[in-house]
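The values are calculated or read from the model by the stated rules, or taken from the named source; none is laboratory data. Only a predicted model underlies this, so the values are computations on that prediction, with no experimental measurement involved. Neighbour counts run over all protein chains shown; Cβ positions are idealised from the backbone, glycine included. In case anyone asks, the SASA skips ligands and DNA or RNA and just uses the protein heavy atoms, side chains included. Shrake-Rupley method; radii C 1.70, N 1.55, O 1.52, S 1.80 Å.
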Amino acid sequence: MSTWERSESSSSPSAPSWFSHFWSSALRSKPLVPPSETTIRATSGEGLVRRLSLFDLLLLGIGASIGAGIFVVTGTVAHDTGPGVTVSFIIAGGSCVLNALCYAELASRFPAVVGGAYLYAYTAFNEIIAFLVFSQLMLDYHIGAASIARSLASYVITALELIPFLNNNIPSWVGHGSEEIYGAFSFNLLAPILLVLLTIVLCRGVGESSILNSVMTVTKVVIVIFIVIVGVFEVDVSNWSPFAPNGFESVLTGATVVFFAYVGFDAVANSAEESKTPQRDLPLGIIGSLLICIALYVGVCLVLTGMLPYKSLGGDAPLADAFTSKGLQYASVLISIGAIAGLTTTLLVGLYVQSRLYLGLGRDGLLPSLFGEVHQTRHTPVHSQIWVGIVASVLAGCFNVHILSHILSVGTLTGYSVVSACVVTLRWKDKTACQVFGKSISSRAEGLLCLITVVCCGFAAGVFYRFGASFIFLIIAVTIAIFAAAALHFRQVYTSTPGFSCPGVPILPTVCIFINIFLFAQLHYEAWVRFVVLSIVTVGIYAVYGQYHANPLSSNTLIIYQKAPTEAD
């Protein structure tokens with residue numbers, strides 16, 4: 001009997017209470033359907049159109065990850081870390097590569113539909129976890145889009161002020177933002193206008209938005225490469241010594257900060273339904289775009305720390321200041337153009353990803369069906385896209401979104417951790433119950449207990465590190481996590497997968513989970529509060545609406561699921 005059938009039987013009218021209905025609904029999952037049992041809805045107008053090539057996917061991933069931060073974050077972190085900031089970006093990039101390998105496997109196994117982390121959690125775990133993952137990710141996306149829109153508006157105004165008659169004649173509320181009111185409200189006119197324009201582009205079709213993203217991404221990458229090449233001739237190698245003036249601990253701290261400079265590669269996974277050959281191109285797009293981003297960041301770090309002593313870095317525009325100090329004023333103009341292009345692509349891809357996530361939930365019934373509709377001629381989720389644009393415009397136009405930065409990144413780290421756990425659970429082969437501490441439990445329950453142990457150890461290690469606790473406590477947490485990972489490796493049976501396969505399962509995904517939760521513990525305490533409060537609100541929404549309208553089988557006429565082949569017992 002399938003998971004859906006079990007949940008339906010348990011949620012029948014004979015169920016004793018509302019709580020039992022809620023519980024059975026929350027625990028149902030989207031079944032993996034073999035290709036032979038699945039049909040594809042091919043009728044024109046009923047779905048998205050496959051138009052994205054591998055090159056488009058690479059540019060999508062780069063566009064999501066490389067924003068104005070490459071011109072700012074590199075310098076601000078270098079001020080505290082020294083030339084060792086290069087190692088910080090390599091460590092953070094390596095950590096993201098591990099997460100990208102997990103995403104790549106699942107993107108290969110679920111190549112036919114949008115949803116990303118939400119879809120993977122729905123299949124590997126259950127409905128309530130999938131809904132929680134969606135809500136945490138979505139808040140990050142909404143606030144992030146509003147913040148990026150404000151930054152983009154500010155850069156555009158700064159560029160316009162290079163025109164003499166506009167210099168100092170543009171009111172601050174037009175693009176830079178008005179003075180704060182009650183610490184939270186700040187009016188901005190240009191940011192919502194930019195969001196409306198990008199929303200229109202996205203509503204017109206993935207072809208138009210892909211062209212804009214490609215042009216802007218290529219522009220910023222060319223500018224970054226040009227800056228690196230020019231900067232190489234201005235490098236003074238003596239500035240690289242000492243390489244880590246504040247010790248290796250500062251390098252690790254820097255890695256936790258710059259980790260978020262790489263986030264965005266998951267946008268490629270959310271373009272599954274619009275990729276021409278998703279099973280081949282999605283893994284290549286995810287990993288390839290991330291490797292290119294690592295190379296760009298490392299190149300900028302080496303040039304920046306070689307041009308000026310690290311103590312001179314850290315201003316609002318450290319890269320522009322470095323080139324200006326060498327008499328290369330034209331570089332400031334190029335950097336401004338690169339920053340505008342970078343912010344535009346980051347914002348465009350962010351809005352694109354949000355609408356596809358809403359599309360997935362609308363199809364599954366967790367949100368009103370309006371979000372699941374696709375325009376018959378444009379082949380875009382117009383209603384979802386407009387909703388995303390409205391939310392971002394209100395936040396960007398009325399609020400000082402920078403004060404909300406303390407609660408960002410929770411959804412990203414949560415989503416990455418769940419994706420890593422999905423790789424492990426979807427590889428498990430069903431087998432009979434086993435004995436643990438004298439009690440008989442299922443193999444799956446034992447595996448989930450091990451994964452939860454890794455999560456707890458990662459958070460504990462992060463808290464111990466953050467508050468400077470005795471090193472012995474950190475060692476204990478890491479040791480327990482190692483034992484849990486060993487139990488996952490030796491006490492579970494894993495199947496192989498078609499398409500791309502993440503190496504080192506279950507150890508590599510377990511390491512990803514530990515690192516992600518370790519970084520979660522480094523976030524501001526307000527982020528922890530946001531995680532708890534939003535989770536409670538999400539459960540409430542699910543209790544009132546989601547449990548009565550969701551149908552895990554609603555997408556089966558749209559999707560081909562690739563299930564790992566079973567082995568003989």
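Using 1/(1 + (r/R0)^6) with R0 = 22 angstrom and r between the beta carbons of residue 549 and residue 386, what's the FRET efficiency to the nearest 0.05?
The pair residue 549/residue 386 has a calculated efficiency of 0.55.
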With every protein chain in place, segment 155-224: carbon and sulfur % of accessible area (1.4 Å): 73 percent
Kirkwood hydrodynamic radius of segment 94-169, Cα pairs, Å: 15.7 Å
Label point distance in nm, residue 312-residue 329, each placed 7 Å from Cα along Cα→Cβ: 1.8 nm
Using θ = phi - 60° and Karplus 6.51 cos²θ - 1.76 cosθ + 1.60, couplings along segment 442-448 (whole Hz; Gly, Pro as x): 6, 4, 5, 4, 5, x, 4
For segment 97-181: accessible area per residue (Å², 1.4 Å): 31 Å²
Accessible area (Å², 1.4 Å probe, nearest 10) - residue 312: 80 Å²
Solvent-accessible area, 1.4 Å probe, carbon plus sulfur percent, for segment 230-285: 64 percent
Amide H partners (placed H, <5 Å) of residue 399, local residues excluded: 186
Count of lysine pairs in the chain with Cα separation under 21 Å (8 or more residues apart, or interchain): 9
Segment 253-374: C-alpha gyration tensor shape, a/c 1.5 cut-off, then a/b vs b/c: prolate
List 482, 225, ordered by accessible area with a 1.4 Å probe, largest first: 482, 225
Where labels lie 7 Å past Cα in the beta-carbon direction, separation of residue 239 and residue 215 in nm: 3.5 nm
Karplus (6.51, -1.76, 1.60) ³J(HN,Hα), θ = phi - 60°, over segment 345-356, in Hz, Gly and Pro reported as x: 5, 4, 5, 4, 5, x, 5, 4, 5, 4, 5, 5
Helix 382-398 axis, angle to the chain major axis (alpha carbon atoms, nearest 10°): 50 degrees
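Students sometimes get this wrong: rank 217, 158 by accessible area, probe 1.4 Å, all chains present, largest first.
Reading off the accessible areas and sorting them downward yields 158, 217.
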Highest average packing first - 143-153, 467-477, 52-62, 325-335, Cβ atoms within 10 Å: 143-153, 52-62, 325-335, 467-477
Cα→Cβ-extended label distance, 7 Å offset, between residue 470 and residue 524, nm: 3.3 nm
Leading residue at positive end of dipole, the chain (Cβ point charges), from 310, 500, 81: 500
On Cα atoms only, tilt of 507-522 relative to the major axis of the chain in degrees: 60 degrees
Helix-only [θ]222 nm of the chain, DSSP H runs n ≥ 4, -39500 (n - 2.57) each, per residue, nearest 500: -21000 deg cm²/dmol
Accessible-area value, residue 276, 1.4 Å probe, nucleic acids and ligands omitted, Å²: 120 Å²
Rounded tilt (10° steps) of 127-160 against the dominant C-alpha axis of the chain: 10 degrees
Heavy atoms of residue 480: accessible area, 1.4 Å probe, square angstrom to 10: 80 Å²
Under 5 Å, built H, 5+ apart or other chain: amide partners of residue 52: 275, 276
Segment 361-510, accessible surface, carbon-and-sulfur percent (1.4 angstrom probe): 72 percent
In Hz, Karplus ³J(HN,Hα) per residue of segment 49-55 (6.51, -1.76, 1.60; θ = phi - 60°; x = Gly, Pro): 10, 7, 10, 8, 8, 4, 4
1.4 Å probe accessible area per residue over segment 263-356, in Å²: 29 Å²
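Please give the charge dipole size of the chain, origin at the Cα centre, charges +1 on K and R Cβ atoms and -1 on D and E Cβ atoms. Round to the nearest 20 debye.
840 debye
Just the Kirkwood number for segment 312-436, please: inverse of mean 1/r across all distinct Cα pairs, in Å, one decimal.
Here the Kirkwood hydrodynamic radius works out to 19.2 Å.
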Order of exposure, largest accessible area first, which applies to 371, 483, 131 with probe 1.4 Å: 483, 371, 131
Total charge dipole magnitude, segment 79-191, about the Cα centre, Cβ charges on Lys, Arg, Asp, Glu only, Debye to nearest 20: 240 debye
Listed residue (240, 406, 454) projecting farthest to the positive dipole end of the chain, Cβ model: 454
Unit charges at the beta carbon, dipole of the chain: most positive-side option, 58, 181, 351: 58
